[in-house]
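Asker: Encoded as structure tokens, here's the structure I'll be asking about.
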Amino acid sequence: MRIVYSPEHTKHDPKKEISDGQLTDAVEVPSRAKTVLARIEETGLGPVEPPKTFPQDALLRVHSVDYLNFLKEFWTEWRAEGRDGEAFPFVWPGRGLRRDKVPAHIDGRLGHYAFDAGSPMTEGTWDAALASAHVALTAADIVCGGDTSAFGLCRPPGHHAGRDTFGGYCFLNNAAIAAEHMLDKGCHAVTILDIDYHHGNGTQAIFEERSDVFFVSLHADPVMEYPFFLGYADETGRGAGEGFTANYPLPFGTDWPKYREALSHALDRIDKAGSDVLIVSLGLDTFEHDPISRFKLTSGDFLSLGAELDRVGMPTVFIFEGGYAVEELGVNCVNVLTGFEREAA
Ligand code: SP5
Ligand code: ZN
């Protein structure tokens with residue numbers, strides 16, 4: 001399997017995040033991607049290549065121009081206000097406040113585009129997020145070119161980012177950008193299977209009215225877990241997209257037998273949907289020792305998970321999302337990919 005990686009991600013190196021009501025140590029850190037890369041090299045999973053660059057049009061298929069400009073110009077504006085260090089929003093247009101106004105002040109702009117306070121923006125965030133999107137686009141191109149699979153080792157992750165919103169450590173929605181690119185390149189329909197522990201609210205929101213992108217997500221029940229406000233079983237798509245969203249909220253403590261049951265159901269639906277390509281939003285935070293999650297998958301289970309994914313036999317683009325048990329992250333991630341390849345062989 002060909003792997004796409006860019007060292008640009010190290011420019012996004014936050015030290016702190018706001019989580020569980022407190023300022024805590026950041027968990028979405030550069031060592032995450034480095035440990036996965038090290039394991040790929042150690043196991044010889046496949047050749048590692050840098051991303052190509054793409055015109056901004058590829059991002060505009062998913063994100064609004066004002067949002068992209070905000071991300072790009074953020075650091076200059078932040079510095080112009082006399083600020084330094086990591087940036088967090090602290091005021092949002094909640095119920096009763098106007099969402100149609102984009103304030104000029106940087107604190108207002110931050111609140112307008114953010115949906116949580118847990119995703120610090122730093123000097124290098126834009127460069128890293130842009131490279132991450134290019135990694136995803138390059139991986140998509142590899143599969144468009146005829147390979148049966150590819151892995152985009154994206155960082156920062158993407159699945160929480162919406163058309164014009166950031167949060168959940170995500171700024172550009174890498175999986176959504178890859179999906180649009182594949183549709184542009186001649187795919188008729190794409191399925192995105194999101195197996196990160198957290199619901200992929202951004203990806204769902206981007207495609208909820210679309211019938212050419214089937215979004216399927218297995219995740220911790222939002223009634224008890226972040227992102228709390230999307231990912232319930234009754235969300236099945238809207239308008240032309242009715243029936244093209246499927247959510248499998250699962251309880252705390254979900255282990256492989258229970259997870260496999262839901263995955264199996266999801267894969268049957270994916271099989272029937274008949275898309276021509278599968279994009280897997282690959283989060284490894286379902287791991288039993290993940291520091292912020294409460295599922296119980298073991299390192300060995302990730303091999304089985306990879307094998308299950310190949311059951312539908314579709315060309316597959318893997319896009320790296322969450323997973324915060326850094327020490328075991330390389331093994332867990334590569335286990336999914338080798339489990340998948342072994343089955344294919
Ligand atoms: C890409 C991705 O996985 N983003 C996840 C963002 C989650 N941020 C909020 C984390 C809240 C953690 N609560 C942990 C409770 C146990 N200490
Ligand atoms: Zn996650």
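Asker: Just going by the charge dipole of the chain, with Lys and Arg at +1 and Asp and Glu at -1 on Cβ, which of G96, G168, C144 is farthest out on the positive end?
Answerer: Sorting the options by dipole projection puts first G96.
Asker: Given the peptides 144-152, 172-180, arrange them by the average over their residues of other C-beta atoms within 10 Å, most packed first.
Answerer: Numbers: 144-152: 19.7, 172-180: 31.4.
Per-residue mean Cβ counts within 10 Å order the peptides as 172-180, 144-152.
Asker: On full extension of the chain, what length is gained from R311 through D25, given 0.36 nm per residue of separation minus the C-alpha to C-alpha distance?
Answerer: 99.1 nm
Asker: Would you report the distance distribution of C-alpha pairs in segment 189-345 as whole percents per 5 angstrom bin, up to the bin with the largest distance?
Answerer: It works out to 2, 10, 20, 24, 21, 14, 7, 2, 0, in whole percents.
Asker: For segment 89-247, compute Rg over Rh where Rg is the Cα radius of gyration and Rh is the Kirkwood radius from the inverse mean 1/r over Cα pairs.
Answerer: Looking at segment 89-247, the ratio lands at 0.98.
Asker: Could I get the Rg over Rh figure for segment 194-249? Both from C-alpha atoms, Rh via Kirkwood, rounded to two places.
Answerer: Details: Rg = 10.2 Å, Rh = 10.8 Å.
Reported Rg/Rh (Cα atoms, Kirkwood Rh): 0.95.
Asker: Going by alpha carbons, how many degrees (0 to 90, nearest 10) lie between the helix axis of 299-309 and the longest principal axis of the chain?
Answerer: Between the helix axis and the principal axis of the chain, the angle is about 80 degrees.
Asker: Dipole of segment 192-304 (Lys/Arg Cβ +1, Asp/Glu Cβ -1, origin at the Cα centre): which of G274, M224, F252 lies farthest to the positive side?
Answerer: Of the listed residues, the answer is F252.
Asker: If you average 1/r over every pair of different alpha-carbon atoms in segment 26-91 and take one over that average, what Kirkwood value in Å do you get?
Answerer: One over the average 1/r among Cα pairs gives 15.8 Å for segment 26-91.
Asker: Let me ask something else about it. Of all DSSP beta bridges located in the chain, what percent are antiparallel, nearest 5?
Answerer: Antiparallel: roughly 20 percent of the beta bridges in the chain.
Asker: Could I ask something else about it? About the Cα centre, and with charges only on the beta carbon of Lys, Arg (+1) and Asp, Glu (-1), how big is the dipole of segment 166-255? Nearest 20 debye, please.
Answerer: 200 debye
Asker: When the chain is modelled as a GNM with alpha-carbon springs shorter than 10 Å, which of R294, R155, R238 fluctuates the most?
Answerer: R238
Asker: Tell me, how many Å apart are the Cα centres for segment 1-64 and for segment 159-178?
Answerer: 13 Å
Asker: For segment 66-172, what is the convex hull volume of the alpha-carbon atoms per residue, in Å³?
Answerer: 106 Å³
Asker: Using a basic spin-label model with each label point 7 Å from the Cα along Cα→Cβ, how many nm lie between M224 and K15?
Answerer: So the two model labels end up 3.6 nm from each other.
Asker: Cross-link candidates for K11: which lysines have Cα within less than 22 Å, leaving aside residues fewer than 8 places away along the same chain?
Answerer: Leaving aside lysines fewer than 8 places away in the same chain, those within reach of K11 are K34, K52, K72.
Asker: With +1 on the Cβ of every Lys and Arg and -1 on the Cβ of every Asp and Glu, and nothing else charged, how large is the dipole of the chain about its Cα centre, in debye rounded to the nearest 20? Intermediate values should be presented prior to the final figure.
Answerer: Numbers: 30 positive and 52 negative charges, 87 e Å.
Using Cβ point charges on Lys, Arg, Asp and Glu, the chain gives about 420 debye.
Asker: Report the full-extension gain for the segment T236 to E42: residue separation times 0.36 nm, less the Cα-Cα distance, to one decimal in nm.
Answerer: 65.7 nm
Asker: Now, a different point. By count of other Cβ within 10 Å, fewest leading, how are M1, M314 ordered?
Answerer: Ascending Cβ contact count within 10 Å gives the list M1, M314.
Asker: Now for a different question. Cut-off 10 angstrom, C-alpha nodes, Gaussian network model of the chain. Which of T236, T35, T24 fluctuates the most?
Answerer: It is T24.
Asker: Okay, next question. Which three numbers, in whole Å and largest first, are the semi-axes of the equivalent ellipsoid of the chain derived from its Cα gyration tensor as √(5λ)?
Answerer: 29, 22, 21
Asker: Give me D268, D13 sorted ascending by neighbouring Cβ count inside 10 Å, so fewest comes first. Numbers along the way, then the final one.
Answerer: Working: D268 12, D13 18.
So the ranking, lowest neighbour count to highest, is D268, D13.
Asker: Report the full-extension gain for the segment V102 to H188: residue separation times 0.36 nm, less the Cα-Cα distance, to one decimal in nm.
Answerer: Taking 0.36 nm per residue and subtracting the Cα distance, the gain is 27.4 nm.
Asker: Run the helix sum for the chain: -39,500 (n - 2.57) per DSSP H stretch of 4+ residues, divided by residue count, reported at 222 nm to the nearest 500 deg cm²/dmol.
Answerer: Estimated from H runs of four or more residues: -11500 deg cm²/dmol.
Asker: Looking at segment 253-315 from every direction and averaging, what is the projected area of its Cα convex hull in nm²?
Answerer: Its average projected convex-hull area is 4.3 nm².
Asker: Mind computing the radius of gyration and Dmax over the alpha-carbon atoms of segment 223-263? Å is fine for both.
Answerer: Spelled out, the Cα radius of gyration and Dmax of segment 223-263 are 12.1, 35 Å.
Asker: Next question. Under a point-charge model restricted to the Cβ atoms of Lys and Arg (+1) and Asp and Glu (-1), what is the dipole moment magnitude of segment 1-134 relative to its Cα centre, in debye to the nearest 20?
Answerer: That gives segment 1-134 a dipole magnitude of about 340 debye.
Readers should treat all values here as calculations from the given coordinates under stated rules, not as data from a laboratory. Predicted model only: the values in this text are computed from it and were never measured. FYI the Cβ positions are ideal-geometry reconstructions off the backbone, even for glycines, and counts take in every protein chain you see.
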